[in-house]
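None of the figures in this text is laboratory data; all of them are computed from the coordinates on show. It should be emphasised that the depicted structure is a prediction, and the values quoted were computed from it without experimental measurement. Here the Cβ positions follow ideal geometry from the backbone for every residue, glycine too, while neighbour counts run over all protein chains shown.
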Amino acid sequence: MQYDSSLENKLNKIDNLEVRYNVPLKKYTSFRIGGPADIFLAPRTIPAFRKALSLLNNYQLPLFILGKGSNIIVGDKGFRGVVIYTGKLNRVEIKGKEIIAEAGITLSSLANKAMEAGLTGLEFASGIPGTLGGALYMNAGAYGGEMKDIITEAILLDYSGKEMKLKKKELGLSYRYSILQEKPLIAVKVKLKLKPGNREEIKAYMKEINQKRKEKQPLEWPSAGSAFKRPEGYYAGPLIEEAGMKGVRVGDAQVSEKHAGFIINLGNATARDVRQLMRMVQERVYEKSRVRLEPEPKFVGEF
């Protein structure tokens, strides 16, 4: 990718901003797949993030915001543009029943902090392999809970670096949806309201949820979570199994034998392998059940 050489100098002058080039994204995705990002930025503070966005706004470069990388498939050729990684924005403040947390913290870490503080309501998220920002973006949910149950407001940045605050009702949270999917807004801080609970009971429930997850899902292999959205009136896993696709491989990408709703990386799967296997699954399921499966992960970069 061609970019103005002055950009490098200006990025290097922003305090608390890590700047790197040609960084392999497979290290930053749960699927362990993906080529390099031309420019990779990791802000350590929200002001650094704001300044980086404000600067990049003058250059018109493709931009992708990366959290835990748990619901994406990055192309083998990587990303021609700038990737901003939020993983270093992970500060948390607990005031009574309220938690104010930066968007890069992982849900498992946040759920543990809530448990330590004797706060209940976040247990459902303890095994979801993503960040708080990603969970808001998707209105993530599991085991009867979802983010919209506990979020009260969020601090967001637009792509010019301007900061704004939106209340829960303005975030448009519904099944696996928030307005962040349609508007160019990035969550940087989220406020949650929980309830007082018994620490030992919270801990036991989190352990139970994570044990169930471990028994049902192929967590021992890299994946992007559920490969397909749940079709109305069905579950993707049984449809894939009925279509005879359980265990089918393309290269090192495989439909999991433990749970057919997952595609796993057996070691050296490429994004091309995964994409091909997903298409095969979609075709076979449609032939068998006349149901069209839609991919759940987002495809990012060049394939």
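Remind me, relative contact order of the chain in percent, using alpha carbon pairs under 8 angstrom and six or more residues apart?
Relative contact order, the chain: 18 percent.
What distance in nm lies between label points placed 7 Å from Cα along the C-beta direction at Ser6 and Glu215?
6.2 nm
Which ³J(HN,Hα) values in Hz, rounded to whole numbers, follow from the phi angles of region 42-49 under the Karplus curve 6.51 cos²θ - 1.76 cosθ + 1.60, where θ = phi - 60° and Gly and Pro get x?
10, x, 9, 9, 5, x, 5, 4
Compute the relative contact order of region 32-121 as a whole-number percentage, counting only Cα pairs closer than 8 Å that sit 6 or more residues apart in sequence.
So the answer I get is 33 percent.
With N set to the residue count of region 92-214, report its C-alpha Rg divided by 2.2 N^0.38 Å to two decimal places.
Scaled against compact globular proteins, the figure is 1.02.
Taking every pair of alpha-carbon atoms in region 218-300, what share in percent sits in each 10 Å bin, from 0 to the bin with the longest distance?
All Cα pairs considered, the percentages come to 20, 58, 21, 1.
With r defined as the distance between the Cβ atoms of Glu302 and Tyr234 and R0 fixed at 41 Å, what FRET efficiency is calculated, to the nearest 0.05?
0.80
Please give me the summed charge of the neighbours of Ile179: other residues whose Cβ is under 15 Å from its Cβ, Lys and Arg +1, Asp and Glu -1.
Residues close to Ile179 contribute a combined charge of +3.
Any chance you could check the Cα centroid distance between region 254-278 and region 171-233 for me, in angstrom?
22 Å
Contour minus end-to-end for Glu294 and Ala142, with contour as 0.36 nm per residue of separation and end-to-end as the Cα-Cα distance?
52.8 nm
A 24 angstrom limit on the alpha carbon distance is what I want to check against. Which of Lys97/Lys169; Lys113/Lys214; Lys195/Lys258; Lys97/Lys189; Lys10/Lys165; Lys165/Lys193 exceed it?
Beyond 24 Å between Cα atoms: Lys195/Lys258; Lys10/Lys165.
Rank the residues Phe303, Phe31 as a footprinting-exposure proxy: fewest other Cβ atoms within 10 Å of their Cβ go first.
Arranged by neighbour count, lowest to highest, Phe303, Phe31 become Phe303, Phe31.
Name all residues of region 193-227 having a backbone nitrogen under 19 Å from the label point set 7 Å from the Cα of Arg249 along its Cα→Cβ direction, giving them as ranges.
Only 218-224 fall inside the zone, counting backbone N under 19 Å.
At Met164 and Glu98, where each label point lies 7 Å from the Cα along Cα→Cβ, what is the point-to-point distance in nanometres?
Going from the Met164 label point to the Glu98 one covers 2.2 nm.
Tell me, what is the percent relative contact order of region 100-151, built from C-alpha pairs under 8 Å that lie six or more residues apart?
37 percent
For Arg80, what is the net charge nearby, where nearby means another residue's Cβ is under 10 Å from its Cβ and Lys, Arg count +1, Asp, Glu -1?
Taking every other residue near Arg80 into account, the sum is -1.
Compute the Cα gyration tensor for region 164-263, then decide on rounded, prolate or oblate, letting a ≥ b ≥ c be the square roots of its eigenvalues: rounded whenever a/c is under 1.5, prolate when a/b is larger than b/c in the other cases, and oblate in all that remain.
It comes out oblate by the Cα gyration axes.
Taking amide hydrogens as modeled 1.01 Å from N in the peptide plane, which residues meet the under 5 Å criterion relative to Arg80, leaving out close sequence neighbours?
Sorted by chain and number, the residues that satisfy this are Glu302.
Based on the mean of other beta carbon atoms within 10 Å per residue, what is the order of 242-253, 39-50, 122-133, most packed first?
122-133, 39-50, 242-253
How big is D, in µm² s⁻¹, for region 5-85 by Stokes-Einstein at 37 °C and 0.692 mPa s if Rh is the Kirkwood radius over C-alpha pairs?
Translational D for this selection: 256 µm²/s.
Using +1 on the beta carbon of Lys and Arg, -1 on that of Asp and Glu, and nothing else charged, what's the dipole of the chain about the Cα centre, debye to 20?
With Lys and Arg at +1 and Asp and Glu at -1, about 380 debye.
Based on the mean of other Cβ atoms within 10 Å per residue, sort peptides 147-158, 195-206 so the most packed one is first.
So the order, starting with the most tightly packed, is 147-158, 195-206.
Describe numerically, in nm with one decimal, the distance between label points set 7 Å from Cα along Cα→Cβ at Glu242 and at Lys13.
Output for this residue pair reads 6.3 nm.
Quick check on the chain: take the gyration tensor over C-alpha atoms, sort the square-rooted eigenvalues as a ≥ b ≥ c, and tell me if it's rounded (a/c under 1.5), prolate or oblate.
oblate
Full extension from Asn58 to Ser108: what is 0.36 nm times the residue separation minus their Cα-Cα distance, to one decimal in nm?
Separation in residues times 0.36 nm, less the Cα-Cα distance, equals 14.3 nm.
Arranged from highest to lowest average of other beta-carbon atoms within 10 Å per residue, in what order do the peptides 183-192, 210-219, 258-267, 67-76 appear?
The most tightly packed comes first, giving 67-76, 258-267, 183-192, 210-219.
How much length would be gained if the chain were fully extended between Glu283 and Asn268, taking 0.36 nm per residue of separation minus their Cα-Cα distance, in nm to one decimal?
3.0 nm
Return the sequence-ordered ³J(HN,Hα) values of region 60-68 in whole Hz as given by the Karplus equation 6.51 cos²θ - 1.76 cosθ + 1.60 applied to θ = phi - 60°, using x for Gly and Pro.
Rounded to whole hertz, the list is 6, 9, x, 9, 9, 9, 10, x, 7.
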